[in-house]
Amino acid sequence: MKENTRQRLIDATYEEVYSHGYQGAALADILANAGVHKGSMYHFFPNKKEMALSAIKEKIAQRFATRYQAIKESDGDYLKQLFVMLRDGNIRDFKRGCPLANLVQEMSNIDEDFDRTLKVIYAQFRKVFKSIYDEAVRAGEMRECDTRQLALFSVALLEGAILSAKASGDSRDYFDSVEMLISYIESYKHG
């Protein structure tokens, strides 16, 4: 029961922060959406900030793990799997944008705890892309290259593509950008 209450708080906090930003997230709405009283929240978290940081760490890390880490841990076709993932518009929310990028833009310059947490998550995002490219090189799917730079470029383009789609209200901006990224990555394939 306790774990269920904590998870409801995490889920409601994540959705509220993702939809309204940390500063716009209302504690009363979080508690109402979680079906939890304020006193119960204090059993798990000392304040809204700690609850939000926990939600960010757990939910965003979970998103990246289920999306990209599984590719790295598979038995091959790393680039093919990555391209399928990048082209999948159903796993993206173009209206709200990327939760990580939104929070970096909102909070990284005004709160050290958020800045530190978001930098760790962003570094993990780049690291998993690098590891996918490393596996693709080892498997002979692509030639040797600076996988660190390729990961940086990929994440930067992906984040920019999501932001472009959010700003324009047109998901084609994302898909057009992703196709250019895929074409660039394919230039590293053998032959």
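The values are calculated or read from the model by the stated rules, or taken from the named source; none is laboratory data. Note that this is a predicted model, so its numbers are computed, not measured. Cβ coordinates were reconstructed from backbone atoms using ideal geometry, including for glycine residues, and neighbour counts include every protein chain displayed. These accessible areas exclude ligands, DNA and RNA; they are computed on the full protein's heavy atoms, side chains included. Shrake-Rupley method; radii C 1.70, N 1.55, O 1.52, S 1.80 Å.
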Going through the range 32-43 in order, the residues found to be over 24 Å from the mean Cα position of the chain (by Cα), over 22 Å from T117 (Cα atoms) and not in a loop (DSSP other than H, G, I, E, B) are A32, K38, G39, S40, H43
Subset of the range 176-191, residues open to solvent by 70 Å² or more (accessible area, probe 1.4 Å) and assigned to a helix (DSSP H, G or I), comes to D176, E179, M180, Y184, E186
message = Regarding the range 40-58, can at least one residue be identified that is among the hydroxyl-bearing types (S, T, Y) and within 28 Å of I132 (Cβ to Cβ)?
response = yes
Within the range 1-53, of all residues that are open to solvent by 50 Å² or more (accessible area, probe 1.4 Å) and among the aliphatic types (A, V, I, L, M), the one farthest from S108 (Cα to Cα) is M1
Sole miss for A167 among (1) in a helix (DSSP H, G or I); (2) open to solvent by 70 Å² or more (accessible area, probe 1.4 Å); (3) over 22 Å from G24 (Cα atoms) is condition (3)
Among (1) under 19 Å from L9 (Cβ atoms); (2) part of a helix (DSSP H, G or I), P46 falls short only on (2)
By my count, helices (runs of 4 or more DSSP H) wholly in the range 69-161 with at least 3 residues that are under 22 Å from K48 (Cα atoms) and open to solvent by 20 Å² or more (accessible area, probe 1.4 Å) are 99-107, 112-138
Subset of the range 53-83, residues under 15 Å from the mean Cα position of the chain (by Cα) and of a type in the set (G, A, S), comes to S54, A55, A61, A65, A70
